[in-house]
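Written below as structure tokens is the structure these notes are about.
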Protein chains: 2
Amino acid sequence: MLSFTEENYLKALHNISEAEGVDLVGTNRLAAALQVKPATANDMLKKLKEKSYVAYEKYGKIKLTDAGAQYAVAIIRKHRLWETFLYQKLEFSWDEVHEVAEQLEHIQSEKLIDKLDKFLAYPAFDPHGDPIPNQKGAIKVRFKTTLLDVAAGASCRMVAVKDNSKLFLQYVANLGLGLNAIIKVVAKQDYDASTQIEVAGKQTSVSEKFASNIFVICNTCKVGQPCPGLRCQV
Amino acid sequence: MLSFTEENYLKALHNISEAEGVDLVGTNRLAAALQVKPATANDMLKKLKEKSYVAYEKYGKIKLTDAGAQYAVAIIRKHRLWETFLYQKLEFSWDEVHEVAEQLEHIQSEKLIDKLDKFLAYPAFDPHGDPIPNQKGAIKVRFKTTLLDVAAGASCRMVAVKDNSKLFLQYVANLGLGLNAIIKVVAKQDYDASTQIEVAGKQTSVSEKFASNIFVICNTCKVGQPCPGLRCQV
DNA sequence: TATCTATGTTTGACTACCCTAACAAATAAC
DNA sequence: GTTATTTGTTAGGGTAGTCAAACATAGATA
């Protein structure tokens with residue numbers, strides 16, 4: 001049974017590997033993610049290596065062991081189930097769920113999380129569109145790409161966000177966007193890489209950064225099938 | 001915002017004062033309740049005194065300040081609401097809820113607990129019959145006495161337990177007892193102070209210790225009204 | 001009252017987690 | 001291929017919470 005802090009290190013390692021590639025995780029990057037100094041992260045890495053949750057050589061890159069990855073996925077499962085609970089049952093908005101789930105994810109009780117899963121009717125995705133691992137740690141993979149990949153004239157459906165920060169989520173909601181929103185790409189500007197979109201009849205322009213954080217599938221896409229229009233199958 | 005540990009000290013102080021009288025709380029008693037050594041408890045008491053949550057003189061007895069009592073009640077509110085959630089929504093048995101609630105009670109989010117309260121339809125009592133403080137810390141007091149006070153021949157209704165330990169709760173459940181069970185006192189033995197009871201047509205004998213941990217009201221008792229038969233109004 | 005026992009307090013030490021500052025290795029720039 | 005920069009590591013130190021052991025006080029016993 002790991003401490004609250006140790007769990008956060010494992011989760012951060014998992015998140016960074018997933019978002020930025022397994023071979024890019026270093027002490028500094030990890031420390032930044034956890035808002036601690038590199039020296040601190042280094043100490044903890046030694047401890048987690050000692051406990052066989054991470055594998056790394058001095059001055060080398062950091063990887064989770066199988067045990068470490070398994071532990072991390074279990075925490076992510078808890079996090080996303082709690083987010084779903086807060087959103088679906090307790091009327092939290094999608095930008096509020098994250099910080100409370102950061103606390104709830106550390107509660108130790110197998111039974112609790114499995115019963116919660118059942119209570120929520122085994123949801124596959126959390127309020128941000130992220131997949132919820134099942135009891136065994138298996139994740140339902142969904143073909144998706146970002147709004148950047150959608151060609152002008154095409155239309156797509158929003159299925160997730162990449163950035164879970166309050167600021168971004170509130171911005172997204174203010175534009176009338178949300179999961180399953182239908183987005184039509186009106187035009188793309190080569191000048192600043194911005195994208196003109198139309199949502200529920202209203203047009204807006206969004207930046208490249210914004211578009212890169214919106215995950216979409218094309219309108220005709222079905223889960224498990226390669227998509228003809230976009231490159232959803234990538 | 002207090003730490004996890006500090007919160008546990010406040011809660012323990014509150015529980016002991018309530019169960020054993022305000023003027024009986026000493027360093028040793030507190031340390032025993034928290035399963036730490038007196039030296040440790042003493043250190044923490046200094047810290048909590050510094051922060052004005054407890055008031056005590058050297059070698060004197062320990063009391064919570066108003067702020068301390070308020071904080072403690074807020075934790076108890078959270079604990080009991082979580083217990084109710086686990087019991088009512090997640091199919092936990094009444095002997096399982098306590099240990100998970102011990103963790104959940106430390107989650108920091110006003111909104112979470114108030115929404116949970118709403119979700120549970122503002123319950124007044126937890127699965128053990130203990131009253132749940134409302135948002136302002138007010139507790140609904142209920143006239144009750146213990147099974148020891150019920151005279152032979154009389155009948156009563158169980159409304160709470162004093163002991164929340166797994167062992168006791170499982171024992172109670174195994175006898176077919178539970179909240180709102182109707183208990184008829186068949187006889188009382190002067191020899192060993194045991195009590196013969198009848199529950200749902202079945203007779204058993206319970207010890208003095210057992211009977212002292214079962215809270216009851218008489219069958220005709222209504223909340224808010226003094227009871228004619230038993231000494232419920234005490 | 002004098003002593004014995006309970007209870008409460010202080011001291012010094014340990015672990016977990018964090019820091020700053022100094023240093024070492026790897027990588028990039030020239 | 002040497003230097004400069006980035007990245008990672010070590011050393012030493014701080015706080016929170018814990019302990020054992022020594023000590024002090026209060027209350028009970030004789």
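The values are calculated or read from the model by the stated rules, or taken from the named source; none is laboratory data. Keep in mind that this is a model prediction, so the values were computed, not measured. Counting neighbours? That spans all protein chains shown, and the Cβs are built from the backbone with ideal geometry, glycine included. Keep in mind that these areas ignore ligands, DNA and RNA; they rest on the heavy atoms of the full protein, side chains included. Shrake-Rupley method; radii C 1.70, N 1.55, O 1.52, S 1.80 Å.
Under 5 Å between amide hydrogens, built in the peptide plane, is the criterion, and for B:Phe92 it picks out B:Tyr87 among residues at least 5 positions away or on other chains. Placing A:Phe168, B:Phe125 in order of accessible area, with the largest value first and a 1.4 Å probe, yields B:Phe125, A:Phe168. Residue by residue along A:16-29, Cβ atoms of other protein chains within 10 Å of the local Cβ number 0 on average.
Each Cα pair under 8 Å and six or more residues apart adds its separation to the average, and for chain B the resulting relative contact order is 15 percent.
Ignoring everything except DSSP H segments at least 4 long, calculate the 222 nm mean residue ellipticity for the protein assembly as shown; use -39,500 (n - 2.57) per segment, divide by total residues, nearest 500.
Numbers: 16 runs with 186 residues, N = 468.
Value at 222 nm, helices only, nearest 500: -12000 deg cm²/dmol.
Packing-based ranking of A:90-103, A:18-31, B:67-80 yields B:67-80, A:90-103, A:18-31, ordered from highest to lowest mean Cβ neighbour count within 10 Å. For B:Gln135, the distances from its label point to the matching points in the remaining copies are 3.8 nm, ordered from shortest, with each point set 7 Å beyond Cα toward Cβ.
Less than 5 angstrom separates the built amide H of B:Phe215 from those of B:Val159, B:Ala160, B:Val161, B:Lys162, all sequence-distant by 5 or more or on a different chain. Summary for B:Gln203: label point 7 Å along Cα→Cβ; distances to the equivalent points in the other copies, ascending, 8.9 nm.
Amide H contacts for B:Phe143 (H built 1.01 Å from N in the peptide plane; partners 5 or more residues away or on another chain; cut-off under 5 Å): B:Gly224. Using θ = phi - 60° in the Karplus curve 6.51 cos²θ - 1.76 cosθ + 1.60, the 3J(HN,Hα) couplings for segment B:196-202 round to 8, 10, 10, 10, 6, x, 9 Hz; x is entered for Gly and Pro.
Please compare each pair in A:Lys78/A:Lys166; A:Lys11/B:Lys78; A:Lys78/B:Lys78; A:Lys58/A:Lys166; A:Lys46/A:Lys166 to a cut-off of 25 Å on the Cα-Cα distance and tell me which ones are over it. From the list (A:Lys78/A:Lys166; A:Lys11/B:Lys78; A:Lys78/B:Lys78; A:Lys58/A:Lys166; A:Lys46/A:Lys166), the Cα-Cα distance tops 25 Å for A:Lys11/B:Lys78; A:Lys58/A:Lys166; A:Lys46/A:Lys166.
On the beta carbon distance between A:Asp190 and B:Lys46, with R0 = 60 Å, the FRET formula returns roughly 0.35.
Take A:Gly153, move 7 Å from Cα toward the beta carbon, and the resulting point lies 9.7 nm from the same point in each other copy, nearest first.
The Cβ shell under 9 Å around B:Val216 holds other residues with a net charge of +1, Lys and Arg each +1, Asp and Glu each -1. Partner shielding of B:90-99 amounts to 2, given as the average count of beta-carbon atoms from other chains within 10 Å of each residue beta-carbon.
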